Each structure stands twice: as structure tokens, then as C-alpha cells.
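Visitor: Got a structure for you, written out below as C-alpha cells; questions coming shortly.
The values are calculated or read from the model by the stated rules, or taken from the named source; none is laboratory data. All of these numbers come straight from a predicted model, not from anything done at the bench. We place every Cβ from the backbone using ideal geometry, glycine too, and count neighbours over all the protein chains shown.
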Amino acid sequence: MHKKESSDQPTLFDWLKQVEELSRQTSTPSLGSLDIDTELRHAISQDLKKAAVPCTGRELSRYDVAARMSELVGHEITKSQLDNWTAEAHDKHRFPAQYLPAFVIATGGQRRAFEVLSKKAGLFALPGPDALRSEIQRLDEEEKRIKAEKHKRKIFLHEIENGR
């Protein structure tokens, strides 16, 4: 299992817990509490760091994400743009909201940036059927890997015990 496939991805039950939390939030935000620039830049950066192909877990570079986003939106998005959208020093460069669906898909379903926007608006979204299928497949693959590792250790233990 690749490091990027660790349990960083929320489960369906994690999402349901968040619904309860969101329902407890106040409907009137405090002054300045919706200035989410730094938080959004950090979330985009984290999504890029954790970007991976859902089925295989292969890590995706910023170049990979930019290329995939370009395919999805129908015009070029560059690695340089991704870098500018995450750099705090580039305060005039903002992540365009219309790119968010392509970004989520291109990063393999990373949702931190989406969650920053939705939570601050008091909204909540559950993963769709494709995301759930992907999570199930990832868990199946992880289960197979663990079984294979367990089998290797049993063989090794058998060899140690019979070698004495």
C-alpha cells in the first residue's frame, strides 16, 4: 500500500459525523471568519500532495494533475498555475471555483479544498457512487495485500520452526 492510500480519506461514517457537526454551527458567521484564502491555499496544497490514482494508488505529480484538469475543462491548466494558487506570496492568484470539480477528479478524489468551501457555507456533500466504489476497491486491494503479507509470514514461521 502506498503511503498516499493511508486512512487520510474519510469514510462514509466520517461524512455522516460531519453532518451533525455542521448542523450545530451558527448560521451567522463572525466578522472576518469567511476570509478563507490561507485555509483554501493550504487545502489545495494538501490535495496536491495526496493526489493519487484511485484504483492503483500511484502518486500524481502537479504536472499530472494539471494535465488531467486540462483534459477535463477543455483548455490548458499548467503546473505553474497550480503552484501560484497554493503560494501564499501570490495573493493576487486565486483558485477559480469553476475548476473545483476538475481538481477533485484530477487529484483522485481529494476533497480538502471542496470541504473548505462547503463547510464555510454550512453545506455538506456525501461522496457519490463512483467514489464509494473506488473506496471499496481500495479496501479490497488493501485486504488482499494484508492477506498476502500474512501468508508470507506464516511460510516464514513454518520454515523457522521446521529448520530447527
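Visitor: Take the conditions on the phi > 0 side of the Ramachandran plot, in the same structural domain as A52 (by TED's automatic domain parsing) and touching a Pro at 6+ places or on another chain (Cβ under 6 Å) and apply them to G122. Does it pass?
Guide: no
Visitor: Quick check on this structure: which one of L132, L139, L123 is modelled with pLDDT under 85, over 26 Å from C55 (Cα atoms) and either exposed (fewer than 15 other Cβ atoms within 10 Å of the Cβ) or β-branched (V, I, T) (or both)?
Guide: L123
Visitor: Here's something else I'd like to know. Please list, ordered by first then second residue, the pairs with beta carbon atoms under 8 Å, 6 or more apart or interchain, first in region 98-109 and farther than 17 Å from K49 by Cβ, second small (G, A, S) and buried (at least 19 other Cβ atoms within 10 Å of the Cβ).
Guide: Here the result reads L100/A113, each pair linking region 98-109 to a residue that is small (G, A, S) and buried (at least 19 other Cβ atoms within 10 Å of the Cβ).
Visitor: Pick out the one residue from V73, V104, V116, V65 that is among the hydrophobic types (A, V, I, L, M, F, W, C), surrounded by 13 or more Cβ atoms within 10 Å (Cβ to Cβ) and modelled with pLDDT under 90.
Guide: The match here is V116.
Visitor: Still on this model: Taking the options E88, E21, E39, name whichever one is at pLDDT below 75, farther than 23 Å from E141 by Cβ and not aliphatic (A, V, I, L, M).
Guide: Every option except E21 fails the conditions.
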